[in-house]
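For reference, the structure is listed below as structure tokens.
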Number of protein chains: 2
Amino acid sequence: MPIRVLGFDGDDTLWHSESRFEVTQGKFRDLLQRHVRDIDVDRRLAEMEMKNLNVYGYGVKSFTLSMLETAIQLTQGRIPATDLEVILDWGKRMLQEPTELLEGVGETLRTLARKYDLMLITKGDLFDQEGKLARSGLGDLFWGVDVLSEKNVESYQGVFKRRGIEPSKFVMVGNSLRSDVVPAVALGARAIHIPYHVTWQHEQVPESELPREGWVRIASIKELPATLETI
Amino acid sequence: MPIRVLGFDGDDTLWHSESRFEVTQGKFRDLLQRHVRDIDVDRRLAEMEMKNLNVYGYGVKSFTLSMLETAIQLTQGRIPATDLEVILDWGKRMLQEPTELLEGVGETLRTLARKYDLMLITKGDLFDQEGKLARSGLGDLFWGVDVLSEKNVESYQGVFKRRGIEPSKFVMVGNSLRSDVVPAVALGARAIHIPYHVTWQHEQVPESELPREGWVRIASIKELPATLETI
């Protein structure tokens with residue numbers, strides 16, 4: 001079946017994201033370790049993020065709020081407000097950073113846009129994702145943009161219905177097995193997995209739960225045009 | 001031209017929102033006044049929200065982050081972290097409150113859904129707005145739902161294009177002159193303004209900038225079916 005629409009994930013597929021969270025988290029660890037000892041700050045922050053996910057959803061604002069709550073809890077309220085102000089400032093900086101594209105993204109998308117309809121399908125904070133897209137300079141290459149609060153079978157189904165996309169003519173491209181590969185393949189679409197060098201634990205999927213077929217893995221977006229000719 | 005699609009704003013059109021922000025803001029004022037005197041807390045918070053709008057966007061998480069930053073600044077960092085934890089908790093509560101519909105909303109939408117395609121067109125935080133819609137029990141009545149980061153001429157144009165809506169067959173219904181009436185009328189659609197008893201200052205429009213025609217004002221959503229027969 002000929003491919004008509006290519007869906008692209010944004011964070012860590014088109015532009016760097018997780019590595020930036022890691023940088024901030026490193027600063028957070030250093031800051032907290034001035035106040036508390038022998039506490040696994042990373043683990044406690046990860047637990048807080050998971051606990052808050054169904055209240056806050058994904059994104060930098062949610063991450064900032066979870067850092068603040070973790071800092072207050074781990075210090076039993078002893079952390080000075082001026083340190084919390086520093087954390088607030090990290091969040092604002094993350095939200096305003098230039099969008100740093102992964103290698104090869106610009107040329108590859110420009111090539112593919114001549115042959116396919118390109119869609120950006122990301123999850124996270126609407127305002128933040130739209131800002132990143134605007135700063136990426138890629139906006140004009142996309143036929144459609146959908147920011148979803150969660151990427152699962154239901155939300156992909158919503159995209160297909162709203163946009164009149166036949167799953168058999170759609171290929172999803174992204175770095176997350178959980179959000180990009182598994183739900184797309186479950187709906188009869190195909191998927192291409194491009195791993196990023198850091199994966200948020202939340203996005204990992206046990207090998208046994210991966211679909212047997214309908215997807216391939218490539219090392220770089222630069223291999224995408226040739227790969228699409230073969231699937 | 002016969003009407004085919006009705007667009008509804010969510011916050012303060014279908015369900016209560018601004019009054020909840022006001023309740024939290026009242027608690028914030030009381031909390032801050034234990035630490036600082038002779039400061040207009042409401043004005044300072046409003047200024048902070050406006051300053052942060054282009055970094056955070058709209059919504060409860062943005063409001064919470066702005067409360068925290070205001071509290072730290074106004075106390076020059078002297079506020080205890082335990083008070084900031086209280087503010088974090090207010091934000092979480094707001095995000096989890098049941099959706100409280102305005103009077104007449106359920107019956108009116110059920111009546112209108114038999115004759116028109118209904119859309120929800122709100123702005124704000126995607127995750128929060130989807131949660132409110134899910135808790136409202138109205139989800140099945142809508143043919144389409146679009147959460148926008150800003151409601152202006154460009155974003156309404158995007159909705160019309162994506163959904164194949166002719167502006168002349170579309171009526172937007174909402175409590176905000178700035179976000180619901182002015183941009184819809186500018187695109188050749190019609191609008192119905194239903195004022196809410198509290199209006200966020202940011203949403204106000206000087207009378208001189210209002211369109212002369214293309215919109216009407218009604219007092220309650222219950223008048224909507226009859227009004228639609230006359231325009």
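The values are calculated or read from the model by the stated rules, or taken from the named source; none is laboratory data. Predicted model, so just to flag it, every value in this text is computed and none were measured. FYI the Cβ positions are ideal-geometry reconstructions off the backbone, even for glycines, and counts take in every protein chain you see. The area values use the complete protein model at the heavy-atom level, side chains included, leaving out ligands, DNA and RNA. Shrake-Rupley method; radii C 1.70, N 1.55, O 1.52, S 1.80 Å.
Worth a mention:
- In segment A:65-110, residue nearest to the other protein chains (Cβ to nearest Cβ) [restricted to those that are under 20 Å from A:ASN175 (Cβ atoms) and polar (S, T, N, Q)]: A:THR99
- Filtered residues of segment A:156-195 (kept if among the acidic types (Asp, Glu) and open to solvent by 10 Å² or more (accessible area, probe 1.4 Å)): A:GLU166
- Condition check for B:ARG114: over 28 Å from A:THR75 (Cα atoms), out of contact with any strand residue (DSSP E or B) (no Cβ under 9 Å at 6 or more places or on another chain) and modelled with pLDDT under 95: no
- Qualifying residue in segment B:1-11 (condition: farther than 27 Å from B:TRP215 by Cβ and crowded, with 17+ Cβ neighbours inside 10 Å): no
- Single match in B:GLY59, B:GLY26 (criterion: of a type in the set (Gly, Ala, Ser) and either in contact (Cβ under 8 Å) with a residue 12 or more places away in the chain or open to solvent by 20 Å² or more (accessible area, probe 1.4 Å) (or both)): B:GLY59
- When segment B:62-89 is filtered for residues that are charged (D, E, K, R) and either in a loop (DSSP other than H, G, I, E, B) or open to solvent by less than 10 Å² (accessible area, probe 1.4 Å) (or both), only B:ARG78 remains.
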